[in-house]
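Shown next, in structure tokens, is the structure this report addresses.
A short reminder: the numbers here are calculations on the coordinates, not readings from a lab. Because the structure is a prediction, the values reported are computed rather than measured.
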Amino acid sequence: MVGWLGFSSLLLFGIGCLHVYWALGGKWGMNVALPTAVSSKQRAFVPGKMATLLVSVLLFGTSLLLLVQGAGLASTHPYPIVRWGCRICVLVFGLRVIGDFKYIGLFKKVRDSRFAKFDSYLFVPLCLWLCLSFYAALRMGG
């Protein structure tokens, strides 16, 4: 089980690196990474460089949390802050799966955009996987 938690941690680290790339001006993948309104073809929001860097730092932190909790990098009794961090990750990734009821998640209304297709077939399953990974790490007790 620890192997797939390591894979999940590596995924989070890679996504964090992708956010650093975007914050530094990279364009690859950006056209499907943000929701767009179908009628206007404009992005629902455009995050700044600092917000994108903050997301990358949070992703690196969640990667580390998953390793510490799931792989037992801490002692046999992990710090309460690690367990709470993992609980917050279960909640955040679970809420991302549900979505905002307009642009993102299982219950989105805008389904015709390019982002919506990627959201349905890639982003939602990925967030569900990560939610379950953090849940499993908590259940393992690390």
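Observations
- GNM on the chain, alpha-carbon springs under 10 angstrom: the most fluctuating residue among G25, G99, G85 is G25.
- With respect to the chain, whose longest principal axis is taken over its alpha-carbon atoms, helix 49-70 is tilted by about 30°.
- As an equivalent ellipsoid, the chain spans semi-axes of 29, 17, 12 angstrom, where each value is the square root of five times an eigenvalue of the C-alpha gyration tensor, largest first.
- For T36, the residues whose amide H sits under 5 Å from its own are A44, F115, A116, ignoring neighbours fewer than 5 places away on the same chain, with H placed 1.01 Å from N.
- Contact order relative to length of the chain, as percent, for alpha carbon pairs under 8 angstrom and 6 or more apart: 29 percent
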